[in-house]
Amino acid sequence: MRIYLAGPLFSDAERAWLDSTAARLRAEGFDVFVPHEHFGDIVEVSPDEVYRVDGAGLRQANVLFAWLDGPMVDDGTAAEIGAFAELCRLDDGEHAGIVGLVTDLRLARRREVAVGDGMNLFVIGAIRSCGRVCWSLDEAIDALRALGA
């Protein structure tokens, strides 16, 4: 099964986190699509090219793994979550579900205190419609395995 790894990729730190997470997932035996790996110079890439390449990656994935950290879920990640939730809802089972990962202390402090753990309710609802939110990478890997990834 193929995992699409979604998350912000606009800083060196964000890309490094996605790269290290992809490496861990690959070491666990998963096939991982990481959007920024498909573009040479991400500064010069066009919106049309991003939509074409990442859209194909989403459609070809069986599971979406979404990094949710930050004061708000990254807008591109939120769009990918919405699109993939619809793929799960509309298809014949090829798209198994979504695993969201939170490691951000700001969100952990709101966990179970605020509705939706303090995150955007539509985004969390889309994840929960076909998957779950996890609070550690180990828990997320277990959730991926439960989805058959």
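The values are calculated or read from the model by the stated rules, or taken from the named source; none is laboratory data. This is a predicted model, so every value here is computed, not measured. Backbone-built Cβ (ideal geometry, glycine too); neighbour counts: all protein chains shown.
In the range 71-86, of all residues being charged (D, E, K, R) and within 11 Å of the chain's Cα centre (by Cα), the one that is modelled with the highest pLDDT corresponds to Glu80.
Condition check ((1) of a type in the set (A, V, I, L, M, F, W, C); (2) farther than 17 Å from Arg145 by Cβ; (3) at pLDDT 95 or above; (4) touching a Ser or Thr at 6+ places or on another chain (Cβ under 7 Å)) across all residues:
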site: Ala22; (1), (2), (3), (4): yes, no, yes, no
site: Phe33; (1), (2), (3), (4): yes, yes, yes, no
site: Ala56; (1), (2), (3), (4): yes, yes, yes, no
site: Phe65; (1), (2), (3), (4): yes, no, yes, no
site: Asp69; (1), (2), (3), (4): no, yes, no, yes
